[in-house]
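Taking it in order: structure first as structure tokens, then the write-up.
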Amino acid sequence: MVEAQGLTHLHFAVRDPAASQAFYETALGMEDRAIVEDGMVFLRTSGAADTLTLRQAAANESVASGGGIDHFGFRLRGKADLDDAVAQIEAAGGRVLEREHEPDGSYSIKL
């Protein structure tokens, strides 16, 4: 069984990324991670390795008042666990849509 280090990020589609960023910074003390990607804001909890991503929702995209969850991620213990995780997901009936090498050197999969 693949061991994850836990839930590491949430990715929300929001109507107003700047207003959402201001809310999370003020309400929860989150900090801008200074990662630049068009239409997205990356925040973290002070002193933690988590990420909250806020991206501009498409005009026809349905989002609740708090934002729509686009995806969430778990950090694996090591790169070697990636292939094992994919195999387990597929054996359980899931389908891996994409594998990505992230800017921070980590790897991710989208289901």
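Brief remarks follow.
- Listed peptides 35-48, 6-19 appear in the order 6-19, 35-48 once ranked by packing, highest mean of other Cβ atoms within 10 Å at the front.
- Between the helical axis of 81-91 and the longest alpha-carbon principal axis of the chain there is an angle of about 80 degrees.
- Summing Cβ point charges (Lys, Arg +1; Asp, Glu -1) relative to the Cα centre of the chain gives a dipole of roughly 140 debye.
- Between region 41-64 and region 92-111, the alpha-carbon center distance in angstrom: 18 Å
- Region 4-110, relative contact order in percent, only Cα pairs under 8 angstrom and at least six apart counted: 31 percent
- In degrees, nearest ten, helix 17-28 long axis to first principal axis of the chain (Cα): 90 degrees
Since every read-out is calculated from the coordinates, none of them should be taken as a lab result. Being a predicted model, the structure only gives us computed values, none of them experimental. So basically every Cβ, Gly included, is an ideal-geometry build from the backbone, and we count neighbours across all protein chains shown.
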